[in-house]
Structures are given as structure tokens and as C-alpha cells.
Amino acid sequence: MPPPDSATADKYSVLKQVFGFDSFRPGQEPVVDALLAGRSVLAVMPTGSGKSLCFQVPALVLGGLTVVVSPLVALMEDQVAALRLAGVAAEAIHSGRERADNVATWRRVAAGQTRILYMAPERLMTERMLAALTRLPLTLIAVDEAHCISQWGPAFRPEYADLARLKEVFPGVPLAALTATADEITRDDIAARLFAGAADIFVAGFDRPNISLTVEMKRDWKRRLVEFVDEHREMSGIVYCLSRKKTEEAAALLAARGVRALPYHAGMDKESRAANQGAFITESGVVMVATIAFGMGIDKPDVRYVFHTDLPGSLEAYYQEIGRAGRDGEPAEAHMLYGLDDLRMRRVFIEQEDSDDERRRREHKRLDALIAYCESPTCRRRALLAYFGEHIAPCGNCDVCRDPVDLADGTEEARKALSAVVRTGQRFGAAHIVDVLRGSDTEKVRAAGHDRLPTYGAGADHGREEWRSILRQMVATGLLRLDIQGYGGLASTPEGAALLRGEGEFRYRPDSLRRPARKARAAAPPADLDAAGATLLARLKELRLRLAQERGVPAYVIFSDRSLVDMAARRPRTAEQFAEVHGVGAAKLRDLAEPFLDEINAVEVEG
């Protein structure tokens with residue numbers, strides 16, 4: 001059922017008058033329409049695609065009160081600041097505020113003065129709060145970073161699990177769950193937990209084509225990190241490390257070379273973490289060196305790179321972490337160092353996790369998928385997006401596309417492997433298939449009768465690790481499918497069946513880890529600005545930073561980089577002209593036009 005015509009007209013009015021946008025971004029409008037029609041939705045959209053607008057526009061069109069569940073205080077405060085600057089009555093109630101402030105906020109909410117209220121799940125899901133909300137005109141509930149609901153997501157938070165009760169407590173209120181990171185298993189888990197399966201699921205494209213992808217073998221990580229950061233001097237970046245100790249070490253290493261590098265990890269006191277995060281958000285050219293404790297909800301548009309000194313935990317975690325780069329749409333780099341010790345440590349982490357055997361087994365298979373991405377002999381972006389169910393042509397913006405590796409003809413090896421997979425029933429994992437190919441005399445092989453197969457021992461001329469690499473690369477190139485949801489068995493795909501019939505070929509990287517480092521590309525300035533426009537843009541960014549610091553908010557809350565570029569290109573001289581700039585709604589026109597017009601006119605006079 002589509003939204004009523006009046007709601008359709010209202011959504012465009014809100015979009016322009018409040019947020020200053022002439023049109024929705026790809027993927028936003030179907031989500032907005034479903035919510036306006038009263039349906040619940042799960043929206044999986046890439047970082048930087050404008051997920052928040054998908055519930056903020058319906059919230060303002062529907063009227064009444066919208067409650068937004070958010071996992072982090074910093075994320076809540078940033079979104080509230082941005083909404084208030086746009087003229088929206090938004091509030092947050094959380095543990096980081098004084099009790100008196102929270103009480104005053106609630107009084108405004110109860111009096112109907114608030115349109116959008118942000119809360120953490122543990123504060124929302126108290127009997128007292130739920131009872132109070134049932135007495136108010138609640139029209140929409142939005143769950144941000146919804147992968148936290150799923151035990152299969154990269155950032156599972158047990159307190160999110162209680163949100164499953166929302167549907168029964170507020171049966172007539174549509175729910176919106178939004179995330180950038182959810183493979184099919186995680187999506188199904190979120191839908192089952194939050195909606196009992198009754199929701200529209202929207203999956204926008206996962207591709208972030210402006211992010212260049214590179215993976216290289218880890219040798220001297222300190223030297224490589226220093227080289228990379230030197231190539232990106234004066235640019236904002238995030239460096240991820242596996243341990244707190246390494247985080248401190250890497251930050252000190254970069255600081256000694258004159259880089260403004262700040263550490264961030266869970267072992268630091270709260271005040272230090274907050275101060276470092278604030279500096280990173282509001283200042284340019286700061287490098288945050290962090291564990292995975294840093295990042296969720298960080299919406300800094302001009303992060304030019306994400307550098308992993310160690311292997312992430314999974315492809316979902318990797319996708320989420322690199323998604324913090326290039327949110328402004330300009331070129332950005334995702335560079336990962338990958339070593340065999342990382343694999344061992346990740347396996348140890350999984351085994352030491354306080355979880356059941358089923359979860360550990362799935363996490364091992366997820367790690368296998370990440371390794372297959374690292375060893376992909378063809379387009380790396382294709383391997384990454386295929387994991388999320390999206391298929392693209394070679395991207396031209398990854399290390400493998402730019403600098404193709406020397407591949408060996410592995411067609412015969414692939415056929416042997418496919419034969420072993422098919423003849424054993426397409427349900428065994430890589431370890432057993434390797435045992436069959438190498439002719440290993442194991443109890444499992446004998447018990448299954450696989451020592452009597454024609455392919456038993458057919459691959460004895462290759463070592464165990466080489467076969468495991470070949471199988472991972474066959475998964476990465478789509479000849480084999482890894483059953484992550486089941487028991488990690490390997491199965492042939494239609495492409496694999498064709499190869500087994502003698503159609504096509506398979507080429508693989510024999511030494512998949514040894515790849516030369518490549519100098520990263522620096523981000524290019526906006527192409528549509530002349531020299532005067534580039535000068536004006538720099539001045540506008542300085543003004544934006546001053547205004548942000550005065551208000552105690554991140555710079556992007558004042559205006560996005562895209563808005564400043566549009567300003568520098570248009571060079572408006574009047575309020576009417578300023579209203580046409582991208583991202584200028586009624587409130588920003590009222591509150592911010594004067595200082596920016598003064599700056600533009602001053603530059604024009606000086607020029």
C-alpha cells in the first residue's frame with residue numbers, strides 16, 4: 001500500500017524545507033514510502049547513503065513522537081545537534097547527561113514539544129519508560145545500527161535483544177531497522193527477532209566505488225604504516241590495530257614523525273577517549289589509531305583512509321570499518337596488512353569467545369570468507385560484494401585490478417577439487433576435501449569410504465596449505481560456495497559445474513601473500529572548481545570549523561563538504577541564492593546564511 005498523496009507531497013516539502021535537498025538519494029525513497037504507509041522496514045544501505053534521513057523524513061511527516069534507538073552517546077548527540085541546526089525539535093536521554101537534564105527533556109517530550117527522541121536500548125526497554133510511551137502519540141520507532149540486534153552481526157550487543165518486545169508493546173507503530181552491515185544470515189536474524197518476519201526488506205547496493213581496496217602481505221608493519229601515512233600527510237585517517245598495546249605503540253610511532261596521531265581503545269579513561277574522539281571529529285588532518293572500540297556512528301565525511309595493521313574479525317567487520325572512509329564521495333583508501341600470525345590470533349579469539357559451539361563454528365567460516373577475500377586472484381571488490389550477494393564487473397579500483405598478479409593455470413587442480421567436492425556429497429569442509437585430495441589416511445576419510453574414490457590422492461603433489469589456498473581462491477572466484485549458515489561444507493556452483501564439464505579455466509595465485517606494496521593515491525580536489533573556487537572552499541572550511549567549535553558540534557553538522565563545494569561553485573551573494581545551495585534548509589538559511597555570505601563576499605572583494 002503506497003502512502004497517501006498528502007504524505008507524498010509532505011515528504012518532498014520536508015526534504016527541501018528542513019534538510020535543503022532537492023531529491024532523495026538512491027534507495028532512500030522506497031524506505032520512506034513504506035514507513036509513511038505504515039509498514040515496518042529493514043533497510044541495509046551502505047555507509048554514507050543517508051540512512052538517518054529514511055526515518056527522519058517520515059518522523060516529521062507523520063507528526064507525533066518518533067523514538068530512535070541508538071547504541072552510542074556520541075552518535076545520539078551528533079544526530080540531535082544536526083537536527084536542531086536544521087530546526088527540528090530533537091532530544092536525547094542517556095546516561096551521559098545529568099539526571100536533571102534528562103528529567104527536563106522528558107517533560108518536554110511528555111508535553112508534545114519534541115518530535116524525535118534518541119535513547120539507548122537499555123533505557124527504552126524499562127517497564128516504566130514503555131508504559132510512559134504508551135500514553136504518548138508515538139508514530140514511529142527507528143532502530144539505528146540494527147546489526148547490534150543479531151548475534152551474527154559484527155557488533156552484537158545483548159541489551160539490543162530485548163527490542164524484540166517492541167512489536168507487542170506498540171502493535172500499531174511501524175518499526176524501522178537500519179544498518180550498513182548485514183549479510184543474508186544477519187538480515188534474516190534481525191527480521192526474525194525484531195519483526196517476527198513481517199517487514200519490508202530493502203537492500204541497497206553495498207558498493208562504495210570511491211574507496212580503493214588494497215591488501216598486502218605483512219612484513220615490517222611499522223615501516224609500512226609510516227610509509228603509508230607519510231603518503232597521506234595532512235589527511236584525516238583511521239588506523240586499526242588488534243590490541244591496545246599495539247594501538248599505543250602505533251600512535252607513538254606516528255607522533256614521533258610529526259603526525260597528529262591519537263590513540264583510542266577501551267583501556268583508556270572515558271575523558272581521554274572523548275577528548276581524542278572530539279579532536280578527530282572537529283579537526284582536519286588528525287589520525288585516530290584505534291582498536292575496534294572506535295568507529296560505530298562516527299560520521300566524519302573527510303576520512304581519506306582506513307589502514308588495518310592486522311586482519312579484521314570478518315568481512316562484515318571489515319566492510320563496516322572501511323566504510324568510515326570517503327563518506328563525502330571523494331576518493332579514499334582502504335589498506336590492509338595481512339599475515340599468517342593474524343590468522344592464528346583470530347582463530348584463538350574465536351575459540352576463547354564465551355559462546356556455544358555453533359557460534360564458534362560460524363565465526364570460523366566467516367573468517368574463512370575473509371581469508372578468501374585477501375587471497376582473491378581476481379577483482380577484490382567483486383569478492384567482497386559477492387559475499388553480500390551483490391555481483392559487479394571488475395572495478396578497476398583495487399590492487400588486483402590495477403596491478404594484476406601473476407597467476408598460474410590451476411584448471412586441472414580446480415577440476416580435481418571440484419570432483420572431490422561432488423563425489424563426497426558437497427557437504428564436507430575444506431579440511432576433509434584436502435585430506436581426500438592428498439590421500440591422507442584419516443579415520444574420517446576411511447569411515448566415509450572416501451579412500452576408495454577416484455580422486456583420493458589425486459592432489460598429493462601439492463601441500464596442505466597450498467590446497468587450502470586453492471580452495472579459498474575457488475570460493476573467492478565463485479567456483480565453490482561455502483555454506484556459512486550450515487556446517488561449512490563446500491559445494492559446487494553452476495560455474496564450478498561448467499569447469500568440471502571441461503568449459504572454461506581457473507587461474508590462481510600460487511603465492512597469494514607476496515604482493516608488492518603500491519603507493520596510494522592522494523585524494524583529488526573537487527574537479528568542478530577553478531582556482532578561485534578552491535581558495536574560497538578552503539576559507540569556507542575554516543569558517544565551518546570555527547562555527548563548529550563555537551557550538552561544540554562536529555564540522556559536518558554545520559554543512560557537509562558537498563554543501564561547501566556547491567557554495568564555492570555557485571558563490572551566492574544573497575539569501576535567495578544561498579537557499580539554492582545543496583543542504584540549505586529553512587533553519588540553516590536563517591541561522592547560517594549571514595556568516596557564509598559574508599565570507600563569500602569578502603573573498604570576492606579581496607579577489
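The values are calculated or read from the model by the stated rules, or taken from the named source; none is laboratory data. These figures come from a predicted structure and were not determined experimentally. Counting neighbours? That spans all protein chains shown, and the Cβs are built from the backbone with ideal geometry, glycine included.
Laid out as a table, the results:
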read-out: Lone qualifier among VAL215, VAL226 - being at negative phi, assigned to a strand (DSSP E or B) and outside the structural domain of LYS51 (by TED's automatic domain parsing); value: VAL215
read-out: Helices (runs of 4 or more DSSP H) lying entirely in the range 84-135 (those with 3 or more residues that are among the hydrophobic types (A, V, I, L, M, F, W, C)); value: 99-110, 127-134
read-out: Subset of the range 557-590 [within 26 Å of LEU75 (Cα to Cα) and either surrounded by fewer than 14 Cβ atoms within 10 Å (Cβ to Cβ) or in contact with a strand residue (DSSP E or B) (Cβ under 7 Å, 6 or more places away or on another chain) (or both)]; value: ARG590
read-out: Complete set of residues in the range 271-290 that are aliphatic (A, V, I, L, M) and modelled with pLDDT under 90; value: ALA274, ALA275, ALA279, ILE281
read-out: Hits in the range 458-492 (condition: among the small types (Gly, Ala, Ser), crowded, with 16+ Cβ neighbours inside 10 Å and farther than 13 Å from ASP368 by Cβ); value: ALA458, GLY459, GLY478, ALA491, SER492
read-out: Sole residue being of a type in the set (Gly, Ala, Ser), touching a Leu at 6+ places or on another chain (Cβ under 7 Å) and over 19 Å from CYS398 (Cα atoms), chosen from ALA261, ALA256; value: ALA261
read-out: Residues of the range 401-433 that turn out to be touching a residue at least 40 places away in the same chain (Cβ under 8 Å) and either of a type in the set (D, E, K, R) or part of a loop (DSSP other than H, G, I, E, B) (or both), as a count; value: 14
read-out: Residue list for the range 270-287, restricted to those being hydroxyl-bearing (Ser, Thr, Tyr) and either surrounded by 15 or more Cβ atoms within 10 Å (Cβ to Cβ) or in contact (Cβ under 8 Å) with a residue 24 or more places away in the chain (or both); value: THR282, SER284
read-out: Conditions (1) at pLDDT 90 or above; (2) among the hydrophobic types (A, V, I, L, M, F, W, C); (3) closer than 22 Å to ILE116 by Cα: number failed by CYS148; value: (1)
read-out: Qualifying residue in the range 402-413 (condition: in contact with a Ser or Thr (Cβ under 9 Å, 6 or more places away or on another chain), at pLDDT below 95, at negative phi and not hydrophobic (A, V, I, L, M, F, W, C)); value: yes
read-out: In the range 538-578, residue nearest to GLU604 (Cα to Cα) [restricted to those that are hydroxyl-bearing (Ser, Thr, Tyr) and under 26 Å from the mean Cα position of the chain (by Cα)]; value: SER563
read-out: Only listed residue being farther than 22 Å from GLY197 by Cα, modelled with pLDDT under 95 and more than 18 Å from the chain's Cα centre (by Cα), chosen from VAL109, VAL61, VAL57, VAL73; value: VAL73
read-out: Close pairs (7 angstrom Cβ cut-off, 6 or more residues apart or separate chains): closer than 19 Å to HIS308 by Cβ and not assigned by TED's automatic domain parsing to the domain that holds LEU480 in the range 371-390, of a type in the set (Asp, Glu) and assigned to a helix (DSSP H, G or I) anywhere; value: ARG380/ASP399
read-out: Selected residue [assigned by TED's automatic domain parsing to the domain that holds LYS588, closer than 30 Å to GLY278 by Cα and at pLDDT below 90] from LEU540, LEU545, LEU536; value: LEU545
read-out: Identity of the residue in the range 7-45, over 26 Å from ALA198 (Cα atoms) and not in a loop (DSSP other than H, G, I, E, B), that ends up modelled with the lowest pLDDT; value: ALA9
read-out: Search result, residues across the range 416-432 that are modelled with pLDDT of 95 or more and within 16 Å of LEU499 (Cβ to Cβ); value: LYS416, ALA417, LEU418, SER419, ALA420, VAL421, VAL422, ARG423
read-out: Subset of the range 19-43 [crowded, with 19+ Cβ neighbours inside 10 Å, on the phi < 0 side of the Ramachandran plot and over 22 Å from the mean Cα position of the chain (by Cα)]; value: PHE19, PHE21, ASP33, ALA34, LEU35, LEU36, SER40
read-out: Helices (runs of 4 or more DSSP H) contained in the range 264-360 and holding at least 1 residues within 16 Å of the chain's Cα centre (by Cα); value: 315-322
read-out: ASP356 surrounded by fewer than 22 Cβ atoms within 10 Å (Cβ to Cβ), within 19 Å of ARG208 (Cβ to Cβ) and either touching a His at 6+ places or on another chain (Cβ under 7 Å) or at pLDDT below 85 (or both); value: no
read-out: Odd one out for ASP188, checked against (1) in the same structural domain as PRO301 (by TED's automatic domain parsing); (2) part of a helix (DSSP H, G or I); value: (1)
read-out: Selection count, the range 377-398, where residues are closer than 26 Å to HIS462 by Cβ, modelled with pLDDT of 85 or more and over 18 Å from the mean Cα position of the chain (by Cα); value: 1
read-out: Candidate set from the range 434-457 (those that are among the hydrophobic types (A, V, I, L, M, F, W, C) and outside any loop (DSSP other than H, G, I, E, B)); member that is surrounded by the fewest Cβ atoms within 10 Å (Cβ to Cβ); value: ALA447
read-out: Number of positions in the range 329-345 that are acidic (Asp, Glu) and at pLDDT below 85; value: 2
read-out: Hey, LEU418 surrounded by fewer than 19 Cβ atoms within 10 Å (Cβ to Cβ) and in contact with a strand residue (DSSP E or B) (Cβ under 7 Å, 6 or more places away or on another chain) or not; value: no
read-out: Count of the range 252-269 residues which are touching a residue at least 12 places away in the same chain (Cβ under 8 Å), farther than 11 Å from VAL286 by Cα and among the small types (Gly, Ala, Ser); value: 2
read-out: Some residue of the range 220-237 being without any contact (Cβ under 8 Å) to a residue 60 or more places away in the chain, under 22 Å from VAL400 (Cα atoms) and not hydrophobic (A, V, I, L, M, F, W, C); value: yes
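Residues are listed down the side, and each one gets a yes or a no for (1) of a type in the set (A, V, I, L, M, F, W, C); (2) touching a strand residue (DSSP E or B) at 6+ places or on another chain (Cβ under 8 Å):
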position	(1), (2)
GLU249	no, no
ARG260	no, yes
ILE292	yes, yes
ARG304	no, yes
HIS308	no, yes
GLU316	no, no
